[in-house]
Amino acid sequence: MLVTRCNGEVIYQRIHNAPPSDLSPHTLFLISVFAAAAPAKADPIVGRAAIIDGDTIEIAGQRITLNGVDAPESWQSCKDASGKPYRCGKDAAFALDDFLAKSRPTTCRPAGMDRYKRVVANCSRADGRGVNEWLVR
């Protein structure tokens, strides 16, 4: 169906015997724009994960931030209960690497993008254990 205006009056032109729509041309336009802009469901990213830091991995060149997880950066240090500094970021990265190495490949299902345009995803090992859940338990 084509919707056109003539002297401010909406004129419906039927194509293929389609009935006229009650939607304004502006509404039809907005619907088409938002439908075209809607993100398609992203395919899972599967492969051997390289550890960037405690909450970021890379699979096949794609940086992935683990959804719902905020771990120390690799360079970051913390203090233990007695006040002694230790490399908590390095420890977090090593722990994640050890966990993922026990069951490969890693599968990540994109949930969106972060402010740096990196994929934010929920990931799991080959045995089905959730990486994001493991990190926050």
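The values are calculated or read from the model by the stated rules, or taken from the named source; none is laboratory data. These numbers were taken from a predicted model, which means no experiment stands behind them. As a convention, Cβ positions derive from the backbone with ideal geometry for all residues, glycine included, and neighbour counts pool all protein chains shown.
General observations
- Here Val69 meets each of (1) in a strand (DSSP E or B); (2) in contact (Cβ under 8 Å) with a residue 60 or more places away in the chain with one exception, condition (1).
- Some residue of the range 59-79 being exposed (fewer than 15 other Cβ atoms within 10 Å of the Cβ) and hydroxyl-bearing (Ser, Thr, Tyr): yes
- Positions within the range 51-68 being in contact with a helix residue (DSSP H, G or I) (Cβ under 7 Å, 6 or more places away or on another chain) and farther than 16 Å from Lys90 by Cα, in sequence order: Leu66, Asn67, Gly68
- Test for Ser82: is it part of a loop (DSSP other than H, G, I, E, B) and touching a Lys or Arg at 6+ places or on another chain (Cβ under 6 Å): no
- In the range 103-137, the residue that is farthest from Thr65 (Cα to Cα) out of those that are in a loop (DSSP other than H, G, I, E, B) and modelled with pLDDT under 95 is Arg137.
- Of the criteria (1) more than 19 Å from Asn132 (Cα to Cα); (2) modelled with pLDDT of 95 or more, which one Ala18 fails: (2)
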